[in-house]
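Comments concern the structure below.
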Amino acid sequence: MRRYAALVGVTLAVLTWAAPARAQETDLKKVSYNMANNLGMLRTLREVDSLMTVEFWGSGTMRDVGAKTIGPVVQLKSVYGQLAYDFPGMRVEYVRSTGEREIQVVSGMFAWNEIDKIGGGLDPAWGRATPALEALSERLLRLWTTPFGVVKAARAAGEKAKVTVESGATVVTFPLAGGKPDDTVYMVVGDLEGTPVKLTLDASYRPSRVEVRYRDRTYVTTYADYGDLNDADYKADIFFPARIMRTVDGQSVLDLTIQRTNTYNPYVIMPVPDSVQKVAAR
(Lines give C-alpha, C1' and ligand atoms only; values in the text may rest on other atoms or scores of the structure.)
Protein backbone atom coordinates (compact mmCIF):
# COMPACT_ATOMS: atom_id res chain seq x y z
CA MET A 1 0.00 0.00 0.00
CA ARG A 2 2.83 2.34 0.91
CA ARG A 3 4.56 1.49 -2.36
CA TYR A 4 1.39 2.30 -4.31
CA ALA A 5 1.01 5.62 -2.50
CA ALA A 6 4.61 6.48 -3.26
CA LEU A 7 4.11 5.72 -6.95
CA VAL A 8 0.98 7.87 -7.02
CA GLY A 9 2.93 10.70 -5.41
CA VAL A 10 5.69 10.42 -8.02
CA THR A 11 3.10 10.32 -10.81
CA LEU A 12 1.33 13.41 -9.50
CA ALA A 13 4.63 15.18 -9.15
CA VAL A 14 5.40 14.45 -12.80
CA LEU A 15 1.93 15.51 -13.93
CA THR A 16 2.02 18.81 -12.02
CA TRP A 17 5.57 19.74 -13.03
CA ALA A 18 5.53 22.79 -15.26
CA ALA A 19 8.00 23.23 -18.10
CA PRO A 20 10.06 26.41 -17.90
CA ALA A 21 8.76 29.37 -19.89
CA ARG A 22 10.01 29.49 -23.45
CA ALA A 23 12.70 32.08 -23.95
CA GLN A 24 11.75 35.15 -25.96
CA GLU A 25 12.97 35.28 -29.57
CA THR A 26 16.10 37.41 -30.03
CA ASP A 27 16.92 36.77 -33.68
CA LEU A 28 16.48 40.10 -35.46
CA LYS A 29 15.02 38.67 -38.68
CA LYS A 30 12.50 36.53 -36.81
CA VAL A 31 11.49 39.37 -34.50
CA SER A 32 11.13 41.72 -37.47
CA TYR A 33 8.89 39.20 -39.20
CA ASN A 34 6.85 38.49 -36.08
CA MET A 35 6.20 42.18 -35.45
CA ALA A 36 4.80 42.83 -38.91
CA ASN A 37 3.02 39.49 -39.27
CA ASN A 38 1.29 39.63 -35.87
CA LEU A 39 -0.08 43.08 -36.64
CA GLY A 40 -1.45 41.73 -39.93
CA MET A 41 0.77 43.94 -42.08
CA LEU A 42 2.11 41.12 -44.27
CA ARG A 43 -0.34 40.33 -47.07
CA THR A 44 -0.65 37.99 -50.06
CA LEU A 45 1.24 34.72 -50.47
CA ARG A 46 4.48 36.72 -50.78
CA GLU A 47 3.89 38.19 -47.30
CA VAL A 48 4.63 41.74 -48.42
CA ASP A 49 4.02 44.67 -46.11
CA SER A 50 1.23 46.30 -48.09
CA LEU A 51 -0.41 48.26 -45.28
CA MET A 52 -0.10 51.86 -46.44
CA THR A 53 -3.05 53.85 -45.05
CA VAL A 54 -5.30 53.62 -41.99
CA GLU A 55 -8.24 55.49 -40.51
CA PHE A 56 -9.27 55.40 -36.86
CA TRP A 57 -12.03 56.90 -34.68
CA GLY A 58 -12.02 57.36 -30.91
CA SER A 59 -12.42 59.64 -27.92
CA GLY A 60 -10.60 60.49 -24.70
CA THR A 61 -8.52 63.29 -23.23
CA MET A 62 -5.50 65.33 -24.24
CA ARG A 63 -3.25 68.15 -23.02
CA ASP A 64 -1.61 70.77 -25.22
CA VAL A 65 2.19 70.44 -25.18
CA GLY A 66 4.26 73.59 -25.62
CA ALA A 67 8.02 74.03 -25.84
CA LYS A 68 8.29 74.19 -22.04
CA THR A 69 4.70 73.87 -20.86
CA ILE A 70 1.94 71.26 -20.68
CA GLY A 71 -1.63 72.55 -20.55
CA PRO A 72 -4.66 71.38 -18.59
CA VAL A 73 -6.63 68.22 -19.41
CA VAL A 74 -9.09 68.67 -22.28
CA GLN A 75 -12.02 66.33 -22.82
CA LEU A 76 -12.32 65.10 -26.40
CA LYS A 77 -15.75 64.45 -27.82
CA SER A 78 -14.19 62.66 -30.79
CA VAL A 79 -10.90 61.94 -32.51
CA TYR A 80 -10.56 61.02 -36.17
CA GLY A 81 -7.14 60.08 -37.55
CA GLN A 82 -5.65 59.33 -40.95
CA LEU A 83 -2.25 57.65 -41.23
CA ALA A 84 -0.30 57.33 -44.48
CA TYR A 85 2.96 55.45 -44.86
CA ASP A 86 3.35 55.26 -48.66
CA PHE A 87 4.42 58.89 -48.65
CA PRO A 88 4.44 59.65 -44.93
CA GLY A 89 1.69 61.84 -43.59
CA MET A 90 -0.76 62.08 -40.74
CA ARG A 91 -3.96 64.03 -40.18
CA VAL A 92 -5.73 64.03 -36.81
CA GLU A 93 -8.95 65.90 -36.08
CA TYR A 94 -9.65 66.59 -32.40
CA VAL A 95 -13.15 67.79 -31.46
CA ARG A 96 -13.21 69.08 -27.90
CA SER A 97 -16.22 68.75 -25.60
CA THR A 98 -16.80 72.49 -26.16
CA GLY A 99 -17.22 71.84 -29.89
CA GLU A 100 -13.90 73.48 -30.79
CA ARG A 101 -12.19 71.64 -33.66
CA GLU A 102 -8.44 71.30 -34.27
CA ILE A 103 -7.05 69.53 -37.34
CA GLN A 104 -3.32 68.80 -37.23
CA VAL A 105 -1.53 67.66 -40.39
CA VAL A 106 1.96 66.60 -41.37
CA SER A 107 3.02 65.52 -44.87
CA GLY A 108 6.63 64.95 -45.78
CA MET A 109 8.56 67.99 -44.59
CA PHE A 110 5.49 70.21 -44.13
CA ALA A 111 3.18 70.69 -41.15
CA TRP A 112 0.04 72.78 -40.92
CA ASN A 113 -3.36 73.10 -39.24
CA GLU A 114 -6.54 72.96 -41.27
CA ILE A 115 -9.30 75.38 -40.36
CA ASP A 116 -13.03 74.84 -40.89
CA LYS A 117 -12.80 71.46 -42.63
CA ILE A 118 -10.48 68.56 -43.42
CA GLY A 119 -8.57 69.50 -46.55
CA GLY A 120 -8.66 73.19 -45.71
CA GLY A 121 -6.21 75.36 -47.62
CA LEU A 122 -6.51 73.56 -50.95
CA ASP A 123 -9.47 75.67 -52.06
CA PRO A 124 -10.55 78.96 -50.41
CA ALA A 125 -14.16 77.84 -50.72
CA TRP A 126 -13.40 74.69 -48.78
CA GLY A 127 -11.48 76.09 -45.84
CA ARG A 128 -8.28 77.64 -44.61
CA ALA A 129 -4.89 76.37 -43.53
CA THR A 130 -2.27 77.88 -41.25
CA PRO A 131 1.38 76.77 -41.33
CA ALA A 132 2.67 74.93 -38.26
CA LEU A 133 6.25 74.26 -39.33
CA GLU A 134 7.44 74.45 -35.71
CA ALA A 135 5.42 71.27 -35.05
CA LEU A 136 6.96 69.29 -37.94
CA SER A 137 9.38 67.10 -35.98
CA GLU A 138 6.94 66.37 -33.17
CA ARG A 139 4.25 65.25 -35.63
CA LEU A 140 6.67 63.11 -37.62
CA LEU A 141 7.74 61.57 -34.33
CA ARG A 142 4.12 60.74 -33.54
CA LEU A 143 3.70 59.15 -36.98
CA TRP A 144 6.77 56.93 -36.66
CA THR A 145 5.80 55.83 -33.15
CA THR A 146 2.33 54.60 -34.13
CA PRO A 147 2.14 50.78 -33.96
CA PHE A 148 2.49 50.31 -37.73
CA GLY A 149 4.89 53.22 -38.08
CA VAL A 150 7.33 52.04 -35.43
CA VAL A 151 7.41 48.53 -36.89
CA LYS A 152 8.10 49.94 -40.36
CA ALA A 153 10.82 52.18 -38.91
CA ALA A 154 12.43 49.29 -37.03
CA ARG A 155 12.44 47.13 -40.16
CA ALA A 156 13.82 50.05 -42.20
CA ALA A 157 16.73 50.37 -39.74
CA GLY A 158 18.01 46.98 -40.92
CA GLU A 159 21.03 45.67 -39.07
CA LYS A 160 21.21 48.85 -37.00
CA ALA A 161 18.29 47.45 -35.00
CA LYS A 162 19.24 45.40 -31.93
CA VAL A 163 17.12 42.89 -30.03
CA THR A 164 17.40 42.23 -26.29
CA VAL A 165 15.17 40.83 -23.55
CA GLU A 166 14.28 42.97 -20.53
CA SER A 167 12.15 41.63 -17.68
CA GLY A 168 10.91 38.86 -19.94
CA ALA A 169 9.86 41.19 -22.78
CA THR A 170 11.45 41.50 -26.21
CA VAL A 171 12.94 44.95 -26.78
CA VAL A 172 14.06 46.38 -30.13
CA THR A 173 16.28 49.45 -30.16
CA PHE A 174 17.15 51.32 -33.35
CA PRO A 175 17.84 54.79 -34.76
CA LEU A 176 15.32 56.55 -36.98
CA ALA A 177 16.71 56.59 -40.50
CA GLY A 178 15.63 58.61 -43.53
CA GLY A 179 15.63 57.74 -47.21
CA LYS A 180 13.92 54.87 -49.00
CA PRO A 181 15.38 51.64 -47.60
CA ASP A 182 12.97 49.33 -49.45
CA ASP A 183 9.85 49.26 -51.61
CA THR A 184 7.37 49.28 -48.74
CA VAL A 185 8.08 52.56 -46.96
CA TYR A 186 9.51 55.98 -47.73
CA MET A 187 11.05 57.27 -44.52
CA VAL A 188 10.90 61.04 -44.03
CA VAL A 189 12.27 61.98 -40.61
CA GLY A 190 13.78 65.46 -40.98
CA ASP A 191 15.99 66.35 -38.04
CA LEU A 192 14.82 63.18 -36.28
CA GLU A 193 17.53 61.35 -38.22
CA GLY A 194 19.47 59.14 -35.83
CA THR A 195 17.05 59.60 -32.90
CA PRO A 196 17.16 56.42 -30.79
CA VAL A 197 13.92 54.49 -30.34
CA LYS A 198 13.25 51.82 -27.73
CA LEU A 199 10.38 49.54 -28.69
CA THR A 200 9.02 47.05 -26.15
CA LEU A 201 6.86 44.23 -27.53
CA ASP A 202 4.06 42.31 -25.84
CA ALA A 203 3.79 38.53 -25.78
CA SER A 204 2.42 38.59 -29.34
CA TYR A 205 5.33 40.73 -30.62
CA ARG A 206 3.07 43.77 -31.00
CA PRO A 207 4.24 47.22 -29.80
CA SER A 208 3.30 47.81 -26.16
CA ARG A 209 5.63 50.69 -25.32
CA VAL A 210 7.64 53.12 -27.46
CA GLU A 211 10.15 55.41 -25.79
CA VAL A 212 12.01 58.21 -27.56
CA ARG A 213 14.24 60.90 -26.13
CA TYR A 214 14.35 63.93 -28.40
CA ARG A 215 15.49 67.50 -27.70
CA ASP A 216 15.94 66.76 -23.99
CA ARG A 217 12.38 65.47 -23.66
CA THR A 218 11.22 61.91 -23.14
CA TYR A 219 8.20 60.74 -25.14
CA VAL A 220 6.56 57.46 -24.13
CA THR A 221 3.55 55.96 -25.90
CA THR A 222 1.88 52.79 -24.68
CA TYR A 223 -0.53 50.55 -26.58
CA ALA A 224 -2.91 47.90 -25.26
CA ASP A 225 -5.97 45.79 -26.09
CA TYR A 226 -5.16 45.04 -29.72
CA GLY A 227 -7.95 43.80 -31.94
CA ASP A 228 -9.41 43.93 -35.42
CA LEU A 229 -11.43 47.11 -34.84
CA ASN A 230 -12.92 47.31 -38.31
CA ASP A 231 -16.71 47.10 -38.64
CA ALA A 232 -18.15 43.61 -38.15
CA ASP A 233 -18.76 43.14 -41.88
CA TYR A 234 -15.37 44.61 -42.84
CA LYS A 235 -12.82 42.65 -40.82
CA ALA A 236 -9.27 42.55 -42.15
CA ASP A 237 -7.21 40.61 -39.57
CA ILE A 238 -5.13 43.75 -39.09
CA PHE A 239 -4.74 44.67 -35.44
CA PHE A 240 -4.89 48.12 -33.85
CA PRO A 241 -4.76 49.04 -30.15
CA ALA A 242 -8.04 50.01 -28.51
CA ARG A 243 -6.12 51.97 -25.86
CA ILE A 244 -3.42 54.58 -26.57
CA MET A 245 -1.65 56.60 -23.88
CA ARG A 246 1.20 59.09 -24.24
CA THR A 247 3.37 60.89 -21.73
CA VAL A 248 5.92 63.68 -22.14
CA ASP A 249 8.54 63.86 -19.40
CA GLY A 250 6.37 61.58 -17.29
CA GLN A 251 3.22 63.71 -17.58
CA SER A 252 0.15 62.25 -19.28
CA VAL A 253 -0.74 64.22 -22.43
CA LEU A 254 -3.02 61.78 -24.29
CA ASP A 255 -5.40 59.01 -23.29
CA LEU A 256 -7.51 57.61 -26.12
CA THR A 257 -9.99 54.80 -26.50
CA ILE A 258 -10.27 53.70 -30.13
CA GLN A 259 -13.68 52.46 -31.14
CA ARG A 260 -13.27 51.78 -34.83
CA THR A 261 -10.72 51.50 -37.65
CA ASN A 262 -10.53 51.11 -41.40
CA THR A 263 -7.37 49.21 -42.29
CA TYR A 264 -8.23 48.40 -45.91
CA ASN A 265 -5.87 51.08 -47.25
CA PRO A 266 -8.57 53.80 -47.41
CA TYR A 267 -8.15 56.77 -49.75
CA VAL A 268 -6.03 59.15 -47.68
CA ILE A 269 -4.14 62.10 -49.18
CA MET A 270 -2.50 65.15 -47.63
CA PRO A 271 -1.53 67.55 -50.43
CA VAL A 272 0.38 70.55 -49.11
CA PRO A 273 -1.51 73.86 -49.47
CA ASP A 274 0.24 76.57 -51.50
CA SER A 275 0.14 78.94 -48.52
CA VAL A 276 2.13 76.44 -46.44
CA GLN A 277 4.68 75.83 -49.18
CA LYS A 278 5.26 79.57 -49.58
CA VAL A 279 5.94 80.03 -45.88
CA ALA A 280 8.31 77.06 -45.84
CA ALA A 281 10.24 78.46 -48.81
CA ARG A 282 11.07 81.75 -47.05
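The values are calculated or read from the model by the stated rules, or taken from the named source; none is laboratory data. Quantities reported herein were computed from a predicted structural model and do not represent experimental measurements. Ideal geometry is used to build each Cβ from the backbone, glycine not excepted, and the neighbour counts take in all protein chains shown.
Residues in the stretch 145-191 that are buried (at least 19 other Cβ atoms within 10 Å of the Cβ), modelled with pLDDT under 95 and not in a loop (DSSP other than H, G, I, E, B): Arg155, Ala156, Met187. Across the stretch 77-100, what is the number of residues that are of a type outside the set (S, T, N, Q), free of Cβ contacts under 8 Å to residues at least 60 places away in the same chain and more than 18 Å from Phe240 (Cα to Cα)? Result for the stretch 77-100: 7.
For a quick check of your reading: which strands (runs of 3 or more DSSP E) sit entirely within the stretch 213-279 and have at least 2 residues that are within 24 Å of Lys117 (Cβ to Cβ) and among the hydrophobic types (A, V, I, L, M, F, W, C)? Full working, then the answer.
Working: elements: 217-227, 240-248, 251-262.
Per the criteria, 251-262.
Scanning the stretch 41-61 for residues that are in contact with a helix residue (DSSP H, G or I) (Cβ under 9 Å, 6 or more places away or on another chain) and of a type in the set (A, V, I, L, M, F, W, C), we see that the one that is farthest from Arg96 (Cα to Cα) is Leu42. Here Glu138 meets the list (1) in contact with a Pro (Cβ under 7 Å, 6 or more places away or on another chain); (2) closer than 18 Å to Thr221 by Cβ; (3) charged (D, E, K, R) almost entirely, failing just condition (1). Can you give me the number of residues within the stretch 194-244 that are under 17 Å from Gly58 (Cα atoms), surrounded by 15 or more Cβ atoms within 10 Å (Cβ to Cβ) and acidic (Asp, Glu)? Total satisfying the criteria: 1. Scanning the stretch 266-282 for residues that are more than 21 Å from Val95 (Cα to Cα) and surrounded by fewer than 17 Cβ atoms within 10 Å (Cβ to Cβ) returns Pro266, Tyr267, Pro271, Asp274, Ser275, Gln277, Lys278, Val279, Ala280, Ala281, Arg282.
The set of residues in the stretch 168-185 that are within 16 Å of the chain's Cα centre (by Cα) and touching a residue at least 60 places away in the same chain (Cβ under 8 Å) comprises Val172, Val185. If you check Thr98, Thr26 for being β-branched (Val, Ile, Thr) and either within 24 Å of Thr261 (Cβ to Cβ) or touching a strand residue (DSSP E or B) at 6+ places or on another chain (Cβ under 8 Å) (or both), only one passes: Thr26.
Conditions tested, residue by residue: (1) farther than 25 Å from Asp191 by Cβ; (2) modelled with pLDDT of 95 or more; (3) assigned to a strand (DSSP E or B); (4) not basic (Lys, Arg).
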site: Val31; (1), (2), (3), (4): yes, yes, no, yes
site: Asn34; (1), (2), (3), (4): yes, yes, no, yes
site: Leu51; (1), (2), (3), (4): yes, yes, no, yes
site: Met62; (1), (2), (3), (4): no, yes, yes, yes
site: Ala67; (1), (2), (3), (4): no, no, no, yes
site: Ser78; (1), (2), (3), (4): yes, yes, yes, yes
site: Gln104; (1), (2), (3), (4): no, yes, yes, yes
site: Gly119; (1), (2), (3), (4): yes, no, no, yes
site: Leu122; (1), (2), (3), (4): yes, no, no, yes
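When you go through Ser59, Ser97, Ser78, Ser50 one by one, which is the residue that is in contact with a Leu (Cβ under 6 Å, 6 or more places away or on another chain) and either under 24 Å from Asp249 (Cα atoms) or surrounded by fewer than 18 Cβ atoms within 10 Å (Cβ to Cβ) (or both)?
Numbers: Ser97 fails: in contact with a Leu (Cβ under 6 Å, 6 or more places away or on another chain); Ser78 fails: in contact with a Leu (Cβ under 6 Å, 6 or more places away or on another chain); Ser50 fails: in contact with a Leu (Cβ under 6 Å, 6 or more places away or on another chain).
Testing whether each residue is in contact with a Leu (Cβ under 6 Å, 6 or more places away or on another chain) and either under 24 Å from Asp249 (Cα atoms) or surrounded by fewer than 18 Cβ atoms within 10 Å (Cβ to Cβ) (or both) leaves just Ser59.
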